[in-house]
Structures are given as structure tokens and as C-alpha cells.
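Report on the structure given below.
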């Protein structure tokens, strides 16, 4: 299980290959790449600045990975999340999960993303023509996370 918080971009293909080739018993690799859009809530967005609380953020992401590993029979996970100022089409997040079977890998990857959107301590500020604004939590993200509660 690996967590990286970084300002620099990542090479998703290289990251996925490294995880995929780490074991010969892997039968499934799922991944999710989140990228910045140029629109949000009806406004053009020119940049988004992501902030975090060092130490606390990594701990929260490691906890999310541990929960996924406890729920599903997965081999490994990788979360790379960028911080700093991003522009439209910049990659924000990469989540990769390996497992023997696709069902476990898909479920764990989706779980990790749902929890990242709601439980990870990141703060996002968008620059729009109307000025800067903090991104509010979305009800749809809370609903997505709620379906994983047991």
C-alpha cells in the first residue's frame, strides 16, 4: 500500500505497470485517474488550488487503503494525489488496485475514490471569472460513500 502526496505530475502508465508487474499472481488491475475540469457548478474554472494538512492527510489515505484491504481480497493499492495549483486537464489523483479477480479490484478502487472525495482532508479553491471560491462538499459524494457503510 502506497500513498503519495505531491505537486508534480505522475506517469499513470508507469505507475500502473510497476504495480502490475510486482507479482505474478495478479489477475486484475483497476485504476482511476481524476483530472481537473474547466467547468464546475456552471462557472468556467481557470485554476484549482489543492491544499492539505501534511501528516494528517497521509494518515487518512493510509486508513482508507487499510479499510479497502480489510473488506476485499486485494493485493496492493496505490494512491497518488496532487496538491498545488492545477489547470484544466491536469491529473489530480491516481488510484490503482491489484487483485486476483476483477470484482474485488473494481469494488476496492471505487470504495477508495468514494472515501477520498468525502473523508480525505484536502481543500480546493477554484479561480473563476467571478473570483475565487472554496469547493463545497457535494451531497452526491456523501451518498456514494454512504452505500459502503455496513
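Taken together, the values in this text are just the output of simple stated rules run on the coordinates, not laboratory data. Here the structure is a predicted model, which is why all the values come from computation and not from measurement. Quick reminder, even Gly has a Cβ in these numbers, built from the backbone with ideal geometry, and neighbours come from all protein chains shown.
Given only helices, namely DSSP H runs of n ≥ 4 each adding -39500 (n - 2.57), what is the per-residue ellipticity at 222 nm of the chain, to the nearest 500 deg cm²/dmol?
Numbers: 4 runs with 51 residues, N = 150.
Helix-only estimate at 222 nm: -10500 deg cm²/dmol.
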All-pairs Cα distance distribution in the range 26-112, expressed in whole percent, bin size 10 Å: 17, 38, 30, 14, 1
With the crude spin-label approximation of a point 7 Å out along Cα→Cβ, what separation in nm comes out for residue 136 versus residue 123? 1.7
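Between residue 70 and residue 39, what is the FRET efficiency for a Förster distance of 41 Å, r being their Cβ-Cβ separation, to the nearest 0.05? Numbers along the way, then the final one.
Details: r = 37 Å, r/R0 = 0.91.
With R0 = 41 Å, the Cβ-Cβ based efficiency is 0.65.
Using Cα pairs closer than 8 Å and at least 6 residues apart in sequence, work out the relative contact order for the range 2-146, in percent.
Details: 268 pairs, mean separation 48.0, N = 145.
Reported as a whole number, the value is 33 percent.
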Quick check: Cα centre of the range 102-150 to Cα centre of the range 1-70, how many Å? 12
Run through all the Cα pairs of the range 2-146 and give the fraction in each 5 Å bin from 0, expressed as whole percent. 2, 10, 19, 20, 21, 14, 9, 4, 2, 0, 0
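If we count other beta carbons within 10 Å of each Cβ, what is the order of 5, 33, 112, fewest first?
Working: 5 18, 33 15, 112 26.
Sorted ascending by nearby Cβ count, the order is 33, 5, 112.
If you rank 58, 126 by fewest surrounding Cβ atoms within 10 Å, what's the result? Before the final figure, lay out each step's value.
Details: 58 18, 126 21.
Starting with the residue having the fewest Cβ neighbours, the order is 58, 126.
Within a 10 angstrom radius of the beta carbon, how do 97, 29 rank from fewest other beta carbons to most? Walk me through the numbers on the way to the answer.
Values: 97 29, 29 19.
If I rank by nearby Cβ atoms, fewest first, I get 29, 97.
Given R₀ = 22 Å, FRET efficiency for residue 106-residue 149 by Cβ-Cβ distance, to 0.05? If you can, show how the numbers build up before the last one.
Working: r = 19 Å, r/R0 = 0.86.
It comes to 0.70.
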